[in-house]
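K.L.:
Let me give you the structure first, and then I'll get to my questions.
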């Protein structure tokens, strides 16, 4: 227990950890403030204003159409006649249906419709921070000799590494839960003041709670993978380098090559697709090179990635990276 | 006396694409309780590998080791709380203060935090304890490293180059500290290249070269084993040294070497015989001094690392001990 407490203290005391957490919270706060500023509450006044705006644009459009028709009539028998149809009565005339007031409403924050995207934003920012914090926490320990010092005190290698990992994961879990609670509260407030919570039901709240639980899983997995890679390479830079390599090779290189080779569902190699599948429960990828004839016409082949598939891939990645880090730690010479 | 540290036949081999390198090749070492023991060897001889292996950081390929009567690395966790160690250059997280660094170690090791204040005082860092380690000089980091090793109030203290980077005052303080610790019952193993210091503060030494022990025992014994029988002879000014050397050889001196302004005579049982022999030729001796041997000259001789004019010695060019010099468990 003393080692766990010391490791938690060490993690929280690190300047890098503090700055990264503050930076992430600042980014999240900027998203929340931006959302609050760009949305507003919808009431009879806003609807009336939008209807007036739609009517203004409709009338303006009718005026322009009439001017065009007159120009068409005037051009008959002149060289400009070719620019107009032979029958000027066939020219476009705007209809009221084209100018529905909904298109002129200021954005409003519908919690049920939009909070899901906000949870994905929360998960992405915290997962990135968790990866870097995890990598830096153990990477700096290795590169500054702190790990060796610690092993002189506690010569149980696996216990030391797993305690460090536990301290990291528990700290990340606390950070994520607290931030998620604040995030939900902030957007409920935004919806209340600048949108609507009306469509929220207990089932919808439960669905968002489960989504936030999956966000927690993603954050913990990212932290564990960052920790594992940096521990394997004994340097923070190795984990960051691995991510850059993954982005360059998989996100750009491999997908470009697969797309050029017209490989089916090349997007399935994109990491964000799997993150989206995990967070949004399903993602469907379509192969537009294929065509399945049906009554509705041509339908492309589809591949649906589900959250259990994404979760399984995530667990395999975590077990592989952390397991290798522990196995290596067990037998490596510490120089 | 009880042996606090015993190493027998320790072997460590590194394999790489360039081939196999034997860092430790059947190394033996014994340190008795309450001693300050010097652990000497040229660069790359296996000192740090030995210490790392002993402390469980490196896995050996063979041999046996015991610390405080318990075989290691198997029982290392049982005795780790009684071993304080610094290995090679001190390394700490640069953005933490000395106080934070030590209190985190104290927490991890279950040591009372009051001890942090005590050791900071002991190594002279009390007034700089709140500064970040990155602002420390090498000598101050060295003091912090010693403080971290002392934090556990260990029975066995292992210090690798503790005087590295210390100013002359610091070296003297470190010497006094080592002696005081030994007097309080702590056993100190000291690895250093400052051989004058080792000779001053150590009770016993082990010298390693090319992964093998080349000498071991009390400092006095090691010096006595390699005591030179050479005598430096100076005569009155104006006397032909070549003729004097010839006269000594004729009289029966086994070895006479002609130096710039004196003679070095070896193999003579009684130095007084030289005065008698030269007096026969009316040559009067102005200085007759047996050449004292020190740890540095013994070290250079045993490890084969004495500089040779016109040659650039490479780090791996050291003398290895013949197999007969190797000792077993408890020797």
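Quick grid of which residues meet (1) part of a helix (DSSP H, G or I); (2) on the phi > 0 side of the Ramachandran plot:
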| residue | (1), (2) |
| --- | --- |
| B:8 | no, no |
| B:15 | no, no |
| B:21 | no, no |
| B:25 | no, no |
| B:28 | no, no |
| B:44 | no, yes |
| B:48 | yes, no |
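K.L.:
Working carefully through the options A:6, A:81, A:48, A:54, find the one that is farther than 30 Å from residue A:185 by Cβ and loosely packed, with under 12 Cβ neighbours inside 10 Å. Can you show your working first?
P.N.:
On the way: A:6 fails: loosely packed, with under 12 Cβ neighbours inside 10 Å; A:81 fails: loosely packed, with under 12 Cβ neighbours inside 10 Å; A:54 fails: loosely packed, with under 12 Cβ neighbours inside 10 Å.
The match here is A:48.
K.L.:
Read through the list (1) under 19 Å from the mean Cα position of the chain (by Cα); (2) closer than 21 Å to residue A:335 by Cα, then give the number of the only condition that residue B:62 fails.
P.N.:
(1)
K.L.:
If you don't mind, another one. Determine whether residue A:12 is surrounded by 15 or more Cβ atoms within 10 Å (Cβ to Cβ), out of contact with any strand residue (DSSP E or B) (no Cβ under 6 Å at 6 or more places or on another chain) and modelled with pLDDT of 90 or more.
P.N.:
No.
K.L.:
Tell me whether the range B:121-132 contains one or more residues that are assigned to a helix (DSSP H, G or I) and within 14 Å of chain A (Cβ to nearest Cβ).
P.N.:
no
K.L.:
Going by what's in this entry, would residue B:139 be described as under 24 Å from the mean Cα position of the chain (by Cα), modelled with pLDDT under 90 and more than 9 Å from chain A (Cβ to nearest Cβ)? Before you say what the answer is, go through the steps one by one.
P.N.:
Numbers: under 24 Å from the mean Cα position of the chain (by Cα): yes; modelled with pLDDT under 90: yes; more than 9 Å from chain A (Cβ to nearest Cβ): yes.
Yes, satisfied.
K.L.:
Considering only the range A:269-306, how many residues are more than 21 Å from residue A:250 (Cα to Cα) and buried (at least 16 other Cβ atoms within 10 Å of the Cβ)?
P.N.:
Count: 2.
K.L.:
Can you pull out every residue in the range A:119-146 that is closer than 30 Å to residue B:67 by Cβ, surrounded by 23 or more Cβ atoms within 10 Å (Cβ to Cβ) and more than 8 Å from chain B (Cβ to nearest Cβ)?
P.N.:
Within the range A:119-146, A:138 is the sole residue that qualifies.
K.L.:
Taking the criterion of being in contact (Cβ under 8 Å) with a residue 12 or more places away in the chain, assigned to a strand (DSSP E or B), touching a strand residue (DSSP E or B) at 6+ places or on another chain (Cβ under 8 Å) and closer than 30 Å to residue B:159 by Cα, would at least one residue in the range B:217-233 satisfy it?
P.N.:
Yes, the range B:217-233 has at least one match.
K.L.:
If you don't mind, another one. How many residues are in a helix (DSSP H, G or I) and within 14 Å of chain A (Cβ to nearest Cβ) if we restrict to the range B:94-118? Show your work before the answer.
P.N.:
First, pick out the residues of the range B:94-118 that are in a helix (DSSP H, G or I): B:98-109, B:114-118.
Retained after the next criterion (residues that are within 14 Å of chain A (Cβ to nearest Cβ)): B:98-109, B:115-116.
Final tally of qualifying residues: 14.
K.L.:
Among the residues of the range B:80-93, what is the count of those that are more than 7 Å from chain A (Cβ to nearest Cβ) and without any contact (Cβ under 8 Å) to a residue 60 or more places away in the chain?
P.N.:
1
K.L.:
Could you tell me whether any residue of the range B:47-55 is buried (at least 22 other Cβ atoms within 10 Å of the Cβ), more than 8 Å from chain A (Cβ to nearest Cβ) and closer than 14 Å to residue A:152 by Cβ?
P.N.:
Yes - at least one qualifying residue is present in the range B:47-55.
The values are calculated or read from the model by the stated rules, or taken from the named source; none is laboratory data. Bear in mind that the values here come from a model prediction, so they are computed numbers and not experimental data. Heads up, the Cβs are rebuilt from the backbone with ideal geometry, glycines too, and the neighbour counts pull from every protein chain shown.
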